[in-house]
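I have placed the structure first, in the form of structure tokens, so that the comments after it can refer back to it.
The values are calculated or read from the model by the stated rules, or taken from the named source; none is laboratory data. Because the structure is a prediction, the values reported are computed rather than measured. A quick note on method: Cβ atoms are made from the backbone with ideal geometry, for glycine too, and the neighbour counts reach across all protein chains shown.
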Amino acid sequence: MWGEVLLLCLSGSLYPIALAAILAYLGGPTPLRNAVAFMAGGALVCAVTGVGIAIAVKKLGLTAVKHPTPSAVVDIVLGAGVLVFSGILYLRYRKVSAADPPHVVAEPTAAEREPVLWKALVAGLLVYAPMLSYFASIKIVASHTSGVATAAAIVVCIVVTLLVVEIPIVLILVAGDRAQPVLERLSTLLARYAKPTLLVLGAAAGGYLIGKGLFAL
């Protein structure tokens, strides 16, 4: 179980939009405060949705043991959703990169320099709300654990899902300004490999869930 759960969470953690957002916050005003607020928003929405999914799975019995066909259908739907979501993100990146002309960056206004903690929190909520691979991992956890074990497993899933946000924050906390070259390198890699990463991870996670569901029907 744990190998399956962690792989799904890891596939969701390599999230180009979240990485771009956290790098932007760490390069802006009050970087750590806004970055932590963004991470808190992501953790909050993952916690709420994770608990909700776990309760629904247990109450409705959506496990391969109790109700194999509905459980398989849920896996297929989640897998198809992952594929569609990844395709939408890929097309969005492609459209933006093709239409984005060279431009001059203007100096930020006084208002833009003000701390925007609530905006960072909301951004984290919105970015991490549609994490379908995370939803699939929670479904598996809820099917094989109960009580405290389920709660602990949800916490582990959240930590793994937010790795792409947590690692840059830890780098800044530990190394300070010395971490900036590493973050800049991450930004460069993001611009170069975001689209193929979306396709590979989306195809892998989505195909796995669809195959798992079809096999269980």
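Please verify whether Pro101 is surrounded by fewer than 16 Cβ atoms within 10 Å (Cβ to Cβ), in contact with a Lys or Arg (Cβ under 6 Å, 6 or more places away or on another chain) and modelled with pLDDT under 85, treating the condition exactly as stated.
no
Are any residues in segment 133-156 hydroxyl-bearing (Ser, Thr, Tyr), farther than 15 Å from Leu10 by Cβ and assigned to a helix (DSSP H, G or I), and if so, which ones?
Correct list: Ser143, Thr150.
Filter segment 143-177 down to residues that are farther than 29 Å from Ile53 by Cα and of a type in the set (Val, Ile, Thr) and give me whichever is surrounded by the fewest Cβ atoms within 10 Å (Cβ to Cβ).
Selected residue: Val174.
Out of all the residues in segment 178-201, which are surrounded by 14 or more Cβ atoms within 10 Å (Cβ to Cβ) and among the basic types (Lys, Arg)?
Lys195, the sole residue that qualifies.
Does segment 157-176 hold any residues that are in a helix (DSSP H, G or I) and in contact (Cβ under 8 Å) with a residue 24 or more places away in the chain, and which are they?
Once the filter is applied, which keeps residues that are in a helix (DSSP H, G or I) and in contact (Cβ under 8 Å) with a residue 24 or more places away in the chain, segment 157-176 yields Cys157, Ile158, Val160, Thr161, Leu163, Val164, Val165, Glu166, Pro168, Ile169, Ile172, Leu173.
Restricting attention to segment 106-119, does a residue exist that is at pLDDT 85 or above and closer than 29 Å to Tyr193 by Cβ?
Yes, that holds for at least one residue.
Can you report the number of residues in segment 1-36 which are crowded, with 19+ Cβ neighbours inside 10 Å and outside any helix (DSSP H, G or I)?
Within segment 1-36, residues that are crowded, with 19+ Cβ neighbours inside 10 Å and outside any helix (DSSP H, G or I) number 1.
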